[in-house]
Amino acid sequence: MSDGFRITQLAAVTARFVTYDWAFPRENAAAIAAHWQTRIARAPGMFDGTVLLCCDHAVADRAARLDLFATRYATFTYYRDTRHADARIADARIADARIANAFAAIVPWTSDGAVLLGEMGARTANAGQLYFPCGTPDPDDIQGARVDLAGSAARELAEETGLALPDEAETDWVLLEGEGQLAFLRPVRFPETAARLVARIADHLGAEAEPELAGMHVVRGRDDIDAARMPGFVRAYLADAFPPAR
């Protein structure tokens, strides 16, 4: 455990798209609508699209399996922000399950041993916060019966930073479980220094009409962990990845 998160090293992650009857949106429709209006008043650029949440998952033999279903982003944000746990699941197979925010992200490691995080832009819901480039899976990630989490992570990296994965990118994952999240992180080492990658990303952001990121943040050790601006799963990963100072 690190910072309240369980950390598991994985060799494979597979996800499938399922139909799931979630009672929560029906039973909380008015509260969800009111909460959404409050959210978009603070961040008018937010869009109530379709996202995928996890209704079941299992980990065995360094492999994770997930079931993901579709819901509205407004429902997800209300569920997440109020920390509701759904105890009224009709499917007896997963009667004790809790709905979780499962997502994938590339962790960009540089050739000189640093990790890069993006600072969320002013128009985003989490302005000023520091994240690995990531996003909640959506219908674009559905391929037949499966959900391509690796593709989702690579797409978010490219959209937010302009970076493409190196040809020989690592394929192992790190799962961080906690705070209603399943964060599937794929650490990838790039063949460039932090300074060079930050400059490349700055060029990409400068060419975007409305970039999602305001800039990049370089982490070289535990002293660079920012408890006020980094969410729990980011802090937990960094604390585990960097050795304690001697």
Could you identify the single residue in Leu157, Leu130 that is in contact (Cβ under 8 Å) with a residue 12 or more places away in the chain and closer than 26 Å to Phe17 by Cα? Leu157
Exactly one of Ala241, Ala169 is without any contact (Cβ under 8 Å) to a residue 24 or more places away in the chain and open to solvent by less than 50 Å² (accessible area, probe 1.4 Å), and that one is Ala169
Can Ala214 be described as touching a residue at least 60 places away in the same chain (Cβ under 8 Å), in a loop (DSSP other than H, G, I, E, B) and either of a type in the set (Asp, Glu) or touching a strand residue (DSSP E or B) at 6+ places or on another chain (Cβ under 9 Å) (or both)? no
Is there a residue being more than 13 Å from the chain's Cα centre (by Cα) and within 25 Å of Arg62 (Cβ to Cβ) anywhere in region 115-125? yes
With respect to Ala227, is the statement that it is part of a strand (DSSP E or B), open to solvent by 50 Å² or more (accessible area, probe 1.4 Å), over 24 Å from Leu52 (Cβ atoms) and not hydroxyl-bearing (Ser, Thr, Tyr) true? no
Restricting attention to region 206-224, and to residues there that are more than 16 Å from Phe132 (Cβ to Cβ) and of a type in the set (A, V, I, L, M), which single residue is surrounded by the fewest Cβ atoms within 10 Å (Cβ to Cβ)? Ala209
Within region 64-75, does at least one residue satisfy the condition of being of a type in the set (D, E, K, R) and under 30 Å from Gln9 (Cβ atoms)? yes
Does region 13-28 hold any residues that are surrounded by 13 or more Cβ atoms within 10 Å (Cβ to Cβ) and either in a strand (DSSP E or B) or among the hydrophobic types (A, V, I, L, M, F, W, C) (or both), and which are they? Val13, Thr14, Ala15, Arg16, Phe17, Val18, Trp22, Phe24
Out of everything in region 29-67 that is at pLDDT 95 or above, over 17 Å from Ile142 (Cα atoms) and among the β-branched types (Val, Ile, Thr), what residue ends up being surrounded by the most Cβ atoms within 10 Å (Cβ to Cβ)? Ile32
Only one of Arg123, Arg146 is closer than 19 Å to Met230 by Cα and open to solvent by 50 Å² or more (accessible area, probe 1.4 Å); which? Arg123
Please tell me if Glu159 is outside any helix (DSSP H, G or I), open to solvent by 30 Å² or more (accessible area, probe 1.4 Å) and over 22 Å from Ile7 (Cα atoms). no
Scanning for something touching a Gly at 6+ places or on another chain (Cβ under 7 Å) and among the charged types (D, E, K, R), does region 163-176 turn up at least one residue? no
Which one of these does Ala153 not meet: (1) open to solvent by 50 Å² or more (accessible area, probe 1.4 Å); (2) in a helix (DSSP H, G or I)? (1)
Just to verify a result, which residue in region 173-198, among those that are outside any strand (DSSP E or B) and of a type in the set (A, V, I, L, M), is most open to solvent (accessible area, probe 1.4 Å)? Ala195
Within region 154-195, tally of residues that are over 21 Å from Ile99 (Cβ atoms), out of contact with any His (no Cβ under 7 Å at 6 or more places or on another chain) and not basic (Lys, Arg): 26
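The values are calculated or read from the model by the stated rules, or taken from the named source; none is laboratory data. Keep in mind it's a predicted model, so treat the numbers as computed, not measured. Backbone-built Cβ (ideal geometry, glycine too); neighbour counts: all protein chains shown. To get the accessible areas, we keep the full protein, side chains included, count just its heavy atoms, and leave off ligands, DNA and RNA. Shrake-Rupley method; radii C 1.70, N 1.55, O 1.52, S 1.80 Å.
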